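In what follows, a structure is listed as structure tokens, so that the remarks can point back to it.
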Amino acid sequence: MSNYFKKIAFVMLFLCAGIYGTVNAFEKQSEEITLEQEEQYLVATFEGHSDEGFKFLLKDDTAMIFNKVSDEVLELFDLKSDAYKGKTFEVAYVSKEKEGETVLIITGLKELKPKNKNS
């Protein structure tokens, strides 16, 4: 009878450890969930790409650095080259909170043509 209780205790211990591990895994996943905001828009001039990210300059000379660019945008605009430096764009982006930091991601770009002064 003593072996029976040892087996039951072992099984109960094994089940409790499994449940604890599962609950712990869910808690860690919930910490990694990011909060996504609505897509936002701005007009800015592309300044270039560096290790920090993709730098755009707003009309008031405020710099915005975007951490990431969607693959769809990079297929249309090679922002890692110098080809688009100095060009003005309408930038669509989202900001996500990840591990306590704000990550800015470009989701869309539309190149704006310079306005003709004769118009």
Flag if residue 86 is modelled with pLDDT of 95 or more, in contact with a strand residue (DSSP E or B) (Cβ under 9 Å, 6 or more places away or on another chain) and over 17 Å from residue 106 (Cα atoms): yes
Restricting the range 64-102 to residues that are in a strand (DSSP E or B) and without any contact (Cβ under 8 Å) to a residue 24 or more places away in the chain, the residue that is farthest from the chain's Cα centre (by Cα): 101
Subset of the range 44-65 that is within 16 Å of residue 87 (Cβ to Cβ) and among the charged types (D, E, K, R) - its residue that is surrounded by the most Cβ atoms within 10 Å (Cβ to Cβ): 55
Of all residues in the range 39-62 being in contact with a Phe, Trp or Tyr (Cβ under 7 Å, 6 or more places away or on another chain) and free of Cβ contacts under 8 Å to residues at least 40 places away in the same chain, the one that is farthest from residue 103 (Cα to Cα): 47
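The values are calculated or read from the model by the stated rules, or taken from the named source; none is laboratory data. This one's a predicted model, so the numbers in the text were calculated from it and none came from an experiment. With ideal geometry, Cβ positions are generated from the backbone for all residues, glycine too; neighbour counts draw on all protein chains shown.
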